[in-house]
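I have placed the structure first, in the form of structure tokens, so that the comments after it can refer back to it.
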Amino acid sequence: MTTEGCQAKQDTNWFAILITEFLVISVINAVTITVFARIRYLRKRSTYLIINLTVADLLLGAVAGPLHMYLHGERNRLSSWSRFFLLAFKLTFLIASPVNLSLISLERLHATLFPFKHCLLRKWFYLKIIIGSWFITLLLGSLMAALHLKPTDKAFHYAWASFCVVTLLVLTISYIRILLNVQKSPHLQNADALQTERKLSVTLFIVTGVSFLTILPWAIYKSIPSEKLPKTTSVNTCIYDILAVIYFANSIVNPFVYAIRMQEFRRALGNLVSGQRQAEQRRHQTRAERKRARRSQSQTML
């Protein structure tokens with residue numbers, strides 16, 4: 001088999017893997033959003049940023065993923081402006097999840113260091129933060145898209161690496177400070193509200209830790225100069241695809257962590273599933289009763 005044939009087969013295999021991953025991301029996060037939307041008591045101040053993170057993960061699977069594959073195959077056929085806009089949307093949704101993880105870590109840090117001030121924050125404060133985060137994410141995505149369209153994309157790779165490093169630093173410093181504060185303040189664990197906040201902080205720490213492990217390889221890869229990467233195109237492409245799959249997997253893990261760690265989320269998901277099951281059973285019973293009624297009516301007429 002020729003080199004071109006091997007490369008085409010490799011591209012087809014990775015295409016199937018990415019399609020499956022993006023589909024799983026979209027379905028899982030859509031179910032998570034449905035749970036938050038249907039169950040009113042889950043929509044509270046402490047979960048606003050979690051809901052926003054879930055929306056970002058959903059957009060990664062439903063929008064950024066297909067754009068990633070489309071641009072991989074059709075980028076040479078598009079005009080400069082078309083490539084810029086599609087790249088800007090793709091990069092915006094790719095970096096939205098790390099940006100929201102950074103926001104969550106800073107919000108948890110504020111809740112740990114200033115618990116009483118944190119309790120006084122209103123929902124409008126969270127909505128302003130969410131809107132501002134998407135505005136900043138769009139600006140970053142547009143800037144990185146402009147850098148990517150330059151003749152040499154060194155600046156783009158360094159920008160990607162810098163963004164990942166800053167994100168990882170924010171996550172690491174925030175949660176180290178949270179853990180140190182929790183160890184220094186054991187007497188506060190008797191308060192139910194503070195205990196609940198701590199449990200949520202631990203849950204989000206797990207989410208962030210998994211995200212750290214998925215973002216770090218991508219940051220290291222993007223920080224390596226292109227001349228030091230493998231010269232073989234197939235090897236370089238394979239490494240890129242593996243790290244991309246790992247990076248995208250971050251958006252799959254988060255809902256599972258919520259289901260394992262958050263009792264309210266587990267209960268709401270169970271109620272939603274059982275409610276749909278009961279509704280389906282009622283529909284079947286109604287259909288059966290209608291059939292029996294029609295049969296009895298036809299027998300009466302005979």
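Here are I95, I33, I39: which of them is among the β-branched types (V, I, T) and surrounded by 18 or more Cβ atoms within 10 Å (Cβ to Cβ)?
Working: I33 fails: surrounded by 18 or more Cβ atoms within 10 Å (Cβ to Cβ); I39 fails: surrounded by 18 or more Cβ atoms within 10 Å (Cβ to Cβ).
Exactly one of I95, I33, I39 is among the β-branched types (V, I, T) and surrounded by 18 or more Cβ atoms within 10 Å (Cβ to Cβ), namely I95.
Does K154 count as at pLDDT 85 or above and of a type in the set (K, R)? Show your work before the answer.
On the way: at pLDDT 85 or above: no; of a type in the set (K, R): yes.
No, not satisfied.
Do we have R108 as in contact with a Lys or Arg (Cβ under 9 Å, 6 or more places away or on another chain) and among the charged types (D, E, K, R) here?
On the way: in contact with a Lys or Arg (Cβ under 9 Å, 6 or more places away or on another chain): no; among the charged types (D, E, K, R): yes.
No, not satisfied.
Considering T12, T20, T2, T47, which residue is farther than 19 Å from W160 by Cα, polar (S, T, N, Q) and modelled with pLDDT of 90 or more?
T20
Applying the selection to region 102-159, what residues are touching a residue at least 60 places away in the same chain (Cβ under 8 Å), small (G, A, S) and farther than 20 Å from V207 by Cα?
A145, A146
Is it true that some residue in region 74-90 is among the aliphatic types (A, V, I, L, M) and not in a helix (DSSP H, G or I)?
Yes, the conditions are met somewhere in region 74-90.
Just to verify a result, which residue in region 136-154, among those that are exposed (fewer than 14 other Cβ atoms within 10 Å of the Cβ) and within 18 Å of K228 (Cβ to Cβ), is farthest from the chain's Cα centre (by Cα)?
T152
Within region 188-201, track down each residue that is surrounded by 15 or more Cβ atoms within 10 Å (Cβ to Cβ), in contact with a Lys or Arg (Cβ under 9 Å, 6 or more places away or on another chain) and at pLDDT 65 or above.
First pass over region 188-201, keeping only residues surrounded by 15 or more Cβ atoms within 10 Å (Cβ to Cβ): 188, 194, 197-198, 200-201.
Of the ones still in play, those that are also in contact with a Lys or Arg (Cβ under 9 Å, 6 or more places away or on another chain) are 188, 197, 200-201.
The answer is L200, S201.
Please verify whether region 106-122 includes one or more residues that are aliphatic (A, V, I, L, M), over 21 Å from W218 (Cα atoms) and not in a helix (DSSP H, G or I).
First, pick out the residues of region 106-122 that are aliphatic (A, V, I, L, M): 106, 109, 111, 113, 120-121.
Among the residues that remain, those that are also over 21 Å from W218 (Cα atoms) are: 106, 109, 111, 113, 120-121.
Imposing the further condition that a residue be not in a helix (DSSP H, G or I) reduces the set to 120-121.
Yes.
Starting from region 53-70, take each residue that is touching a residue at least 60 places away in the same chain (Cβ under 8 Å) and list its partners that are acidic (D, E), counting only C-beta distances under 9 angstrom and pairs at least six apart or across chains.
Matching pairs, first to second residue: G61/E21; G65/E21.
Looking at region 66-94, which of its residues are within 20 Å of the chain's Cα centre (by Cα) and modelled with pLDDT of 85 or more? Let's see the steps before the verdict.
Within region 66-94, the subset within 20 Å of the chain's Cα centre (by Cα) is 66-69, 86-94.
P66, L67, L86, L87, A88, F89, K90, L91, T92, F93, L94 - these are the residues of region 66-94 that are within 20 Å of the chain's Cα centre (by Cα) and modelled with pLDDT of 85 or more.
The values are calculated or read from the model by the stated rules, or taken from the named source; none is laboratory data. Quick caveat: nothing in here was measured; it's all calculated off a predicted structure. All Cβ positions, glycine included, derive from the backbone under ideal geometry; neighbour counts span all protein chains shown.
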